[in-house]
Amino acid sequence: LPASYFFYKATYPYLIYGAIILLISFILDYADGALARLRDQSSSLGAWFDHTSDEFSKVIMFLAITYGLYNLKQNIFIWLYGFLAITAYFVIGLLYLYYGKFFAFATDVIEKEKEKRKFLKQFFFIDPFVTTIIILAAFFNQFYYFLIFSTVYGWFFAIVMYCLLTKKAIKMTH
């Protein structure tokens with residue numbers, strides 16, 4: 001959340017501060033889970049808190065980026081891009097969630113698709129990729145293009161994943 005405050009400020013020095021804080025928090029977020037698993041101290045409750053707080057943080061971060069950029073540029077389309085970017089991110093998450101809920105073979109299908117597309121799996125519109133492009137956009141002072149990219153790529157990815165998962169579901173159930 002501290003990174004969101006700096007992104008809301010929307011001027012270059014603050015973007016750098018936000019990017020550094022986001023990078024450190026990203027590393028620590030993965031490290032604490034790995035450490036808990038190594039020490040055999042992981043729990044469902046801990047995973048719940050970790051994942052849900054990440055999702056709340058992502059919403060706040062997208063809103064802070066959108067609001068700060070709008071204040072800076074006074075371009076009404078920024079609100080549209082921000083809305084479409086965050087909804088794409090969550091639609092993709094819901095696709096995975098419901099696919100896993102309705103199809104027992106979901107995890108195998110998704111993992112096989114990732115294996116077949118090793119290069120492309122680095123560009124899945126999910127948390128590590130999104131966080132990385134937020135950090136890069138902040139360092140290069142390009143949040144406007146980040147929102148446009150997230151809108152176009154996020155929705156393209158969501159539609160492609162929907163079609164791919166639906167095709168696999170039809171194949172596996174017939």
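A few comments on the model shown:
- Of the residues making up segment 117-131, those that are modelled with pLDDT under 80 and part of a helix (DSSP H, G or I) are Leu120, Lys121, Gln122, Phe123, Asp127.
- Yes/no for Lys9 being surrounded by fewer than 16 Cβ atoms within 10 Å (Cβ to Cβ) and in contact (Cβ under 8 Å) with a residue 12 or more places away in the chain: no
Per-residue answers, yes or no, for (1) closer than 21 Å to Thr11 by Cα; (2) open to solvent by 70 Å² or more (accessible area, probe 1.4 Å):
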{"residue": "Ile24", "(1), (2)": "yes, yes"}
{"residue": "Asp29", "(1), (2)": "no, no"}
{"residue": "Ala34", "(1), (2)": "no, no"}
{"residue": "Ser43", "(1), (2)": "no, no"}
{"residue": "Gly46", "(1), (2)": "no, no"}
{"residue": "Phe49", "(1), (2)": "no, yes"}
{"residue": "Val59", "(1), (2)": "yes, no"}
{"residue": "Ala64", "(1), (2)": "yes, no"}
{"residue": "Leu72", "(1), (2)": "yes, yes"}
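- Which listed residue, of Tyr98, Tyr162, is more than 28 Å from Leu23 (Cβ to Cβ), open to solvent by 30 Å² or more (accessible area, probe 1.4 Å) and touching a Leu at 6+ places or on another chain (Cβ under 7 Å): Tyr162
- Considering only residues in segment 134-143 that are part of a helix (DSSP H, G or I) and open to solvent by 30 Å² or more (accessible area, probe 1.4 Å), the one that is farthest from Tyr153 (Cα to Cα) turns out to be Phe139.
- Residues satisfying the criterion are present in segment 77-90 (criterion: in a helix (DSSP H, G or I), touching a helix residue (DSSP H, G or I) at 6+ places or on another chain (Cβ under 7 Å) and surrounded by fewer than 17 Cβ atoms within 10 Å (Cβ to Cβ)).
- Exclusive hit being under 30 Å from Tyr8 (Cβ atoms) and either in contact with a Ser or Thr (Cβ under 8 Å, 6 or more places away or on another chain) or assigned to a helix (DSSP H, G or I) (or both), set Leu94, Leu165: Leu94
- Answer from Thr107, Thr131 - the residue that is in contact (Cβ under 8 Å) with a residue 24 or more places away in the chain and either of a type in the set (S, T, N, Q) or out of contact with any Cys (no Cβ under 6 Å at 6 or more places or on another chain) (or both): Thr131
Okay, residues lined up against (1) modelled with pLDDT of 85 or more; (2) farther than 26 Å from Ser4 by Cα; (3) over 18 Å from the mean Cα position of the chain (by Cα):
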position	(1), (2), (3)
Ile20	yes, no, no
Phe26	yes, no, no
Ala36	no, yes, yes
Ser53	yes, no, no
Ile60	yes, no, no
Leu63	yes, no, no
Lys73	yes, no, yes
Ile76	yes, no, yes
Phe90	yes, no, no
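The values are calculated or read from the model by the stated rules, or taken from the named source; none is laboratory data. This is a predicted model, so every value here is computed, not measured. Backbone-built Cβ (ideal geometry, glycine too); neighbour counts: all protein chains shown. These area figures cover heavy atoms from the full protein model, side chains too; ligands, DNA and RNA do not enter into them. Shrake-Rupley method; radii C 1.70, N 1.55, O 1.52, S 1.80 Å.
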